[in-house]
Amino acid sequence: MTPLFATRNLTHSYGDVKALEDVTLDVPRGRIGLVGANGAGKTTLIRNLLGMLQPAGGQMEVLGRPVSRESLDIRSLVGFMPEGNCLPLDQTAADFVGYAAELAGLPTDAARRRSSEILFLVGLHEERFRFLGDFSTGMFQRVKLAQAIVHDPQVAFLDEPASGLDPEGRDHMLELIRRLGDFGISVVFSSHILSDIEETCDWVVMLDGGKAIRSGPIGDLGIIEGLIVEVLGDPEPAARWMTERGATVKVTGAQLDVRTTGEDAFTLVRDALVATNVGVRRLGQSAVTLEETFIREAEEEDRRD
């Protein structure tokens, strides 16, 4: 299948600052998380893919179309939800989203119907005739999402869609993003909140300092397998035994947090306990978050530099 988007040695600079540096990616369709700290290059990458910015070097394709030659055609196939507050405060939600649908080519009557349907989908059906200037931050974000998908795009680029939302509003936004896949719309979801990406996406692109440090399925990013082991007696002999065999072991009282990439964690722990004659009180899986994975990948990239 044609990738959702692909880049080759993509570079973009703002003066002497490189916002993107030799970024090479092949990203499939689906729910894509674009993660990194503020200033990592997420927004710059999205705007380059949409043809809103011209790169200093490299090539890009979106939905199999070269951005350098077909940026207008690409824009007809995608939706974009920008991060900033950019809505006209003197228009109603229905008028604005309907206007966005007309810009995408829908006839006026069809655009109005589509606007009503999409505003119902994002939970703003009763508020659709209110002026945008009276909306809360959460309602603002939902209107921006509505205008990005009102024309039924193949992919929606969402730049920090949960920014500024309270916990309830964030949960609602993440649920909407998950549902887009059910309608056949791919999503590129940019966020510096890695837990949001874990909840919604199936593929992750990690950016750090303008470089792509990892890209792959969220369940296949080299995440370290881990176990929590509570032992009977002195944990240090077992910890040393596993450390000598390449594991990372953190000792807290009688508890061992064991992480390993090269060997099955359960087998390693079992052999360590037998070899050191240490008993076990409790054994459980250690959850490894996307944030931990990102930090590890960024540290490894720094060491390579």
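Please determine whether any residue of region 5-14 is more than 13 Å from LYS211 (Cα to Cα), surrounded by 15 or more Cβ atoms within 10 Å (Cβ to Cβ) and at pLDDT 95 or above. Among the residues of region 5-14, at least one is more than 13 Å from LYS211 (Cα to Cα), surrounded by 15 or more Cβ atoms within 10 Å (Cβ to Cβ) and at pLDDT 95 or above, which makes the answer yes. Screening ASP26, ASP22, ASP73 for residues that are at positive phi and out of contact with any Cys (no Cβ under 6 Å at 6 or more places or on another chain) leaves exactly one candidate, ASP22.
Please work out if ASP152 is at pLDDT 90 or above and part of a loop (DSSP other than H, G, I, E, B). Considered against the rule, which asks whether it is at pLDDT 90 or above and part of a loop (DSSP other than H, G, I, E, B), ASP152 comes out as yes.
The residues of region 161-179 that are out of contact with any helix residue (DSSP H, G or I) (no Cβ under 6 Å at 6 or more places or on another chain) and not in a helix (DSSP H, G or I), listed by number, are SER163, ASP166.
Report whether or not PHE129 is modelled with pLDDT of 95 or more and not in a helix (DSSP H, G or I). The answer is yes for PHE129.
Check region 215-236 and report whether any residue there is closer than 30 Å to LEU121 by Cα, at pLDDT below 90 and not in a strand (DSSP E or B). Yes, there is a match, as at least one residue in region 215-236 is closer than 30 Å to LEU121 by Cα, at pLDDT below 90 and not in a strand (DSSP E or B). Could you please let me know if LEU158 is aliphatic (A, V, I, L, M) and part of a helix (DSSP H, G or I)? Against the criterion (aliphatic (A, V, I, L, M) and part of a helix (DSSP H, G or I)), LEU158 does not qualify.
The residue of region 129-167 that is surrounded by the most Cβ atoms within 10 Å (Cβ to Cβ), among those that are farther than 21 Å from ILE185 by Cβ and charged (D, E, K, R), is ARG130. The residues of region 72-101 that are small (Gly, Ala, Ser) and touching a helix residue (DSSP H, G or I) at 6+ places or on another chain (Cβ under 7 Å), listed by number, are GLY79, ALA93, ALA94, GLY98, ALA100, ALA101. If you go through region 35-51 and pick out every residue that is charged (D, E, K, R) and under 15 Å from the mean Cα position of the chain (by Cα), you end up with 1. Taken over region 252-281, residues that are surrounded by 14 or more Cβ atoms within 10 Å (Cβ to Cβ) and closer than 11 Å to PRO235 by Cβ amount to 10.
A single entry from LEU25, LEU53, LEU45 fulfils the requirement of being more than 20 Å from GLY181 (Cα to Cα) and in contact with a helix residue (DSSP H, G or I) (Cβ under 6 Å, 6 or more places away or on another chain): LEU53.
Of all the criteria given as (1) closer than 24 Å to CYS86 by Cα; (2) touching a strand residue (DSSP E or B) at 6+ places or on another chain (Cβ under 9 Å); (3) among the acidic types (Asp, Glu), the one not satisfied by ASP166 is (2). Taking the criterion of being crowded, with 20+ Cβ neighbours inside 10 Å, closer than 19 Å to GLN141 by Cβ and under 21 Å from the mean Cα position of the chain (by Cα), the residues of region 60-105 that qualify are VAL78, GLY79, PHE80, MET81.
Among what's in region 181-203 and is aliphatic (A, V, I, L, M) and either modelled with pLDDT under 90 or in contact with a Leu (Cβ under 9 Å, 6 or more places away or on another chain) (or both), pick the residue that is surrounded by the fewest Cβ atoms within 10 Å (Cβ to Cβ).
Only one residue fits best here, namely ILE193.
Considering only region 46-53, I want to know if a residue exists there that is surrounded by fewer than 15 Cβ atoms within 10 Å (Cβ to Cβ) and either touching a His at 6+ places or on another chain (Cβ under 9 Å) or not assigned by TED's automatic domain parsing to the domain that holds PRO82 (or both). Taking every residue of region 46-53 in turn, none turns out to be surrounded by fewer than 15 Cβ atoms within 10 Å (Cβ to Cβ) and either touching a His at 6+ places or on another chain (Cβ under 9 Å) or not assigned by TED's automatic domain parsing to the domain that holds PRO82 (or both).
Taking region 237-268 as the range and being part of a loop (DSSP other than H, G, I, E, B) and either on the phi > 0 side of the Ramachandran plot or modelled with pLDDT under 90 (or both) as the test, the residues that pass are ARG245, GLY246, ALA247, GLY253, THR261, GLY262, GLU263, ASP264. All of LEU77, LEU50, LEU4 fail the test of being in contact with a Phe, Trp or Tyr (Cβ under 8 Å, 6 or more places away or on another chain) and of a type in the set (A, V, I, L, M), apart from LEU50.
When residues in region 126-152 are screened for being among the polar types (S, T, N, Q) and touching a Leu at 6+ places or on another chain (Cβ under 8 Å), 2 of them pass.
The values are calculated or read from the model by the stated rules, or taken from the named source; none is laboratory data. For clarity, every value in this text was computed on a predicted model and none was experimentally measured. Note that each Cβ is placed from the backbone with ideal geometry, even for glycine, and that neighbours are counted across all protein chains shown.
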